[in-house]
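S.K.: Handing you a structure now.
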Amino acid sequence: MHLQSPAFPSNGSIPAQFTCDGINISPPLHWDSPPVGTQSLALVVDDPDAPQQTFTHWVIYNLPTYLRELPEGVAPYPQLPEGSIQGKNDFGRLGFGGPCPPRGTHRYFFKLFALDQQLPLAPGASKTEVMQAMTGHILESVELIGCYARQGDR
């Protein structure tokens, strides 16, 4: 599997519109076919450079295997029309919460997982709950890293 975004290159700068300095919407993401046996996909976006601990920006799971992209600006609904379910980010909200580093340049890891099952979790699950439910069910994973620094920190 490969994961990419037309909005920023791997290890490149995430445009401000996808951050707290912009309109704070999710960037578009594209991937190719998951491995044989995949029953669902899950995406976790986090910032390991956060001051206290890794900060979770987005958790979305039970994405159908026929999907090959998430469009720009995924709405923060508990369940999306195609059946995907959104978890709670560390801002305490459902859906995507854009980069907003307190200082310096931070890295944001977009991690896509191909799973051999649907996750038996209700909307609003935390990253920890999703990662625990995925244990032993990951067929393949791939990541895309984007970077961001606030205006005054560049």
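S.K.: Out of 107, 103, report the one residue that is over 23 Å from residue 123 (Cβ atoms), basic (Lys, Arg) and touching a residue at least 60 places away in the same chain (Cβ under 8 Å).
M.R.: One residue alone meets the criteria, 107.
S.K.: Out of region 99-117, which residues are out of contact with any Asp or Glu (no Cβ under 8 Å at 6 or more places or on another chain) and crowded, with 16+ Cβ neighbours inside 10 Å?
M.R.: The answer is 115, and nothing else.
S.K.: Something else now. Go through region 1-56 and report how many residues are of a type in the set (Asp, Glu), out of contact with any strand residue (DSSP E or B) (no Cβ under 8 Å at 6 or more places or on another chain) and surrounded by 14 or more Cβ atoms within 10 Å (Cβ to Cβ).
M.R.: Selection size over region 1-56: 1.
S.K.: Additional query: Going through 87, 83 one at a time, which residue ends up being of a type outside the set (Val, Ile, Thr), without any contact (Cβ under 8 Å) to a residue 60 or more places away in the chain and at positive phi? Spell out the reasoning first.
M.R.: Working: 87 fails: at positive phi.
Only one candidate qualifies: 83.
S.K.: In region 118-134, what residues are open to solvent by 80 Å² or more (accessible area, probe 1.4 Å) and closer than 18 Å to residue 56 by Cα?
M.R.: The answer is 128, 129, 132.
S.K.: A further question follows. Please state which one of 79, 86, 151 is open to solvent by 50 Å² or more (accessible area, probe 1.4 Å) and either farther than 16 Å from residue 16 by Cβ or touching a Leu at 6+ places or on another chain (Cβ under 8 Å) (or both).
M.R.: 79
The values are calculated or read from the model by the stated rules, or taken from the named source; none is laboratory data. This structure is a prediction, so every number in the text was calculated from the model and none was measured. Positions of Cβ are generated from backbone atoms using ideal geometry, with glycine treated the same way; all protein chains shown enter the neighbour counts. Only protein heavy atoms, including side chains, enter the accessible area calculation; ligands, DNA and RNA are left aside. Shrake-Rupley method; radii C 1.70, N 1.55, O 1.52, S 1.80 Å.
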